[in-house]
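Comments concern the structure below.
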Amino acid sequence: MKIPLFDIDGTLFKAGDKTHADAFKHAFKTVYGIPAVQTDIYPEGMTDSQIIVEVLRLRGLTSAEIRRKIKATHEAMADYFKEHENETFPEILPGVVELLEKLRKQKIPIGLLTGNVEKIAWTKIERAGLKGFFDFGAFGNRSEIRSELVEIARVNAENFLKRPVNKNELIIIGDTPKDITCARDAGIKAIVAPTGFHSFDELAKEKPDLLVRSLEEQDKVLNFLKN
């Protein structure tokens, strides 16, 4: 059985978390003194680090200037999100809980692979009551490049399982073309569903390894993980 690595926004939860968006706005202003928002670009499927870099480049900052303060930006975002967590209400998408329960019953380790800053990701998972399902993760504060998170996830899976984990044991479950590209660039497979901002046809054009209408199609997902 493959080890699933779940994206968060648009995969586990309905996409478009306002508090997360506000955290970007807060960090851009407090860390860099720049009035900017994440939607200055098209951010779907990007890591938070990549969003920070791309937005601030548009505002005229150099890569060196951005990266000098990027850890402080992650912290400012995480602090803001934690302070305002009571304003965020993750809406769990259909089929998610049932799929996680079936994976847990089969004692399959379950990971996260998300563009979210780690502290924001875990706060969302906790707010939704899902933390008990996830054993490890790879997060968007670790790299601008989403495919690099796969190796981080592999190492974290090894640490959790206390045994060697081959990259081919991992599989991404997401909702965007960037999830498919991430998997392809990392040399693993991807399952995607049009549960975020991309349609079934848009995702089909990217030729994912498995495309389902939603995670309610649990038998298809579980059979693919087994085979």
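Over the chain, with every protein chain in place, what whole percent of the accessible area is carbon and sulfur at 1.4 Å, could you tell me?
Here it works out to 49 percent.
Rounded to the nearest 500 deg cm²/dmol, what is the calculated helix-only ellipticity per residue at 222 nm for the chain, with -39500 (n - 2.57) per DSSP H run of length n ≥ 4?
Helix contribution divided over all residues of the chain: -14000 deg cm²/dmol.
Let me make sure I get this right: for segment 108-195, a, b and c are the square roots of the gyration tensor eigenvalues over alpha carbons, sorted descending. Under 1.5 in a/c it's rounded, otherwise prolate if a/b > b/c, else oblate. Which is it? Numbers along the way, then the final one.
Details: a/c = 1.44, a/b = 1.08, b/c = 1.34.
Cα axes put segment 108-195 in the rounded bin.
Is there a quick way to get the dipole size of segment 1-44? I mean about its Cα centre, with the Cβ of Lys and Arg at +1 and of Asp and Glu at -1; what is the value in debye to the nearest 20? Display every interim value, and only then the final one.
Details: 5 positive and 6 negative charges, 18 e Å.
For this selection, approximately 80 debye.
Which shape class applies to segment 100-148: rounded if a/c is under 1.5, otherwise prolate when a/b exceeds b/c and oblate if not, where a ≥ b ≥ c are the square roots of the Cα gyration tensor eigenvalues?
Numbers: a/c = 3.49, a/b = 1.56, b/c = 2.24.
Oblate is the answer for segment 100-148, as a/c is 1.5 or above yet b/c matches or exceeds a/b.
Given a Förster radius of 22 Å and the C-beta distance between residue 107 and residue 168 as r, what FRET efficiency does 1/(1 + (r/R0)^6) yield to the nearest 0.05?
Efficiency at R0 = 22 Å is approximately 0.65.
What are the residues whose amide H is under 5 Å from the amide H of residue 171, where those residues sit 5 or more places off or on another chain and H is modelled from the backbone?
Here the answer is 3, 5, since their amide H atoms fall under 5 Å of that of residue 171.
Between residue 69 and residue 185, with labels modelled 7 Å along Cα→Cβ, what's the label distance in nm to one decimal, could you check?
According to this spin-label approximation, the distance is 2.6 nm.
Given charges of +1 on the Cβ of Lys and Arg and -1 on the Cβ of Asp and Glu, with all other atoms neutral, how large is the dipole of segment 43-136 about its Cα centre, in debye to the nearest 20?
Dipole size: approximately 340 debye.
About the Cα centre of the chain, how large is the charge dipole given +1 on each Lys and Arg Cβ and -1 on each Asp and Glu Cβ? Please answer in debye to the nearest 20.
Result for the chain is approximately 620 debye, rounded to the nearest 20.
In terms of the Cα gyration tensor, with a ≥ b ≥ c the square roots of its eigenvalues, is segment 173-227 rounded because a/c is under 1.5, prolate because a/b exceeds b/c, or oblate?
oblate
Roughly what would the spin-label model give for residue 155 and residue 200, points 7 Å off Cα along C-beta, in nm?
4.1 nm
Per residue, how much accessible area does segment 45-145 show when a 1.4 Å probe rolls over the protein heavy atoms, in square angstrom? Mind dumping the intermediate values first?
Numbers: 4660 Å² over 101 residues.
Counting only protein heavy atoms, the per-residue value for segment 45-145 is 46 Å².
Which lysines, on any chain, are close to residue 102 with Cα under 29 Å apart, when same-chain ones fewer than 8 places away are left out?
List returned: 2, 14, 119, 124, 131, 162, 167, 178, 189, 207, 220, 226.
If you average the alpha carbon positions of segment 99-130 and of segment 1-45, how far apart do those two centres end up, in angstrom?
Using only Cα atoms to place each centre, the spacing works out to 17 Å.
The values are calculated or read from the model by the stated rules, or taken from the named source; none is laboratory data. Note that this is a predicted model, so its numbers are computed, not measured. Backbone-built Cβ (ideal geometry, glycine too); neighbour counts: all protein chains shown. All accessible areas refer to the heavy atoms of the entire protein, side chains included, with ligands and DNA or RNA removed. Shrake-Rupley method; radii C 1.70, N 1.55, O 1.52, S 1.80 Å.
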